[in-house]
1. Using only alpha carbon pairs under 8 Å that are at least six residues apart, calculate the relative contact order of the range 1-129 and give it in whole percent.
2. Give me a comma-separated list of calculated 3J(HN,Hα) values for the range 301-311, in order, Karplus coefficients 6.51, -1.76, 1.60 applied at θ = phi - 60°, integers in Hz, x for any Gly or Pro.
3. Quick one: in the chain, what % of C-alpha pairs are over 43 Å apart?
4. Expressed as a rounded percentage, what relative contact order does the range 259-359 have, with Cα pairs under 8 Å and six or more residues apart?
5. When the helix-only estimate is applied to the chain (DSSP H runs of n ≥ 4, each -39,500 (n - 2.57), divided by the residue count), what is the mean residue ellipticity at 222 nm, nearest 500 deg cm²/dmol?
6. Per residue, how much space in cubic angstrom lies within the convex hull of the C-alpha atoms of the range 282-407?
7. Per residue, how large is the accessible surface of the chain? Use a 1.4 angstrom probe and give square angstrom.
8. P(r) tail for the range 1-150, what percent of Cα pairs lie past 28 Å?
Amino acid sequence: MSTSVVEAPPFGRDRLFQAWAVVSGISLAGDSAWFVAFAWTAATATDPATAGLLLGAGTIPRAITSLYGGTLADRYDARRVVVLANAGRILLLVAGALLATAFGISVALLLVVAILFGVLDAFHNPASYTLPRVLLRSEDLPNGAGLMQVAGRLARFGGAPLGGVLVAVGGLRLVMVVDAVTFALVAVFVGLWLRPRYPRELSSTGSVRRDLAAAAAYLRETPFVRALVISLSGLNLFVGPALAVGLTVHVHRSGWGSATVGVADALVGVGAAVGAVFAIRFRSAQPARTGLLMLIGQALAIAVIGVAGRPLLLAACTVIGITAGLASAQLSGAFQQLVDPAYLGRLGAVMSLGDDVLMPVAMVGFGALVASAGLPLTCLLACLGFIAMVTWALARLRGAQPVPAAA
């Protein structure tokens, strides 16, 4: 990559990155609106089993193609990949809206749109994930991750109700058009204004297989990066099932009503937003270790979920949210700092497989363990497993140093 070095301004005055966070947030709001509208349309157009199939239809294609998307992000200018992926999303949504207008909403149309969206996500997300590395100074990467998280949280808070309003007013076709406009905004901004400040070495093997083999060799030869990738791929597997399954089971068995689940979920979201806001200003000399240590509080809160009364349960959810917002910013920034920039796309794709492939297994396993061993013991085991993974990762991150940008 021939980009010359242009020193980034201090983070608080970095208008380019701040604009990128706003544009990304608008696109994420469109995505949230789309998900709500798509889920509503699927639920009202077909039976519950088929609706569940439609909602999960994009996950498998995204998982299958994500590693290929990661190689593209490391082989080509990531901005070009982002622009082309968003162009594909726009064409898909416009075509879907036209077909829905001509022939009506059908299961086949929803299925094709969901599958193609999953594939386009696999191309877009790894490339987008590499952009902070070429825009920010290394020491600002955790703060940048915090700002992106704030934008994402606000987008989801606003996008979900917007989707409900739009689908009620104009159906799925209106939401398709609105979401396409947000993707066009991203494509125009990235294509015209988002100029890299720091160069990033790109892969030149010429083969997807060799690209993936090189990434695997890099993981074998770099123990602290391997530990970081494994831990970031697995940490959500402890807290996700505890919130989705354990919290709901505990509230139901206690007779507190579904409103308590809603309040608890809201506290997690608000807490995460508060934590991310604080992370924008917070600096640590070792963000990977700091982020992992913060997650011990989250692990202890998981154990509380299994036994707490309602006030303590809600407090535990707030702790989970705040620690998630703080730690995620630190760990995302540390990943950007510690991983060789040439491998960011591929290793980012590897981490995404944790949610796409392993999370459904973790959900089923957590539920089965609750049924056989009880909720308190299951939450305690999840807590201990979480702490064990954090301890293992901390031990292997000793001596890890940020990788400087290419000259």
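1. 35
2. Ordered by residue, 3J(HN,Hα) equals 5, 4, 4, 5, 4, x, 9, 7, x, 4, x Hz.
3. Here the long-distance tail beyond 43 Å is 9 percent of all Cα pairs in the chain.
4. 40
5. -27500 deg cm²/dmol
6. 110
7. On a per-residue basis, the chain sits at 43 Å².
8. 31
The values are calculated or read from the model by the stated rules, or taken from the named source; none is laboratory data. Since this is a predicted model, take the numbers as computed values, not measurements. Backbone-built Cβ (ideal geometry, glycine too); neighbour counts: all protein chains shown. Side chains are part of the model used for accessible areas, which takes the heavy atoms of the whole protein and leaves out ligands, DNA and RNA. Shrake-Rupley method; radii C 1.70, N 1.55, O 1.52, S 1.80 Å.
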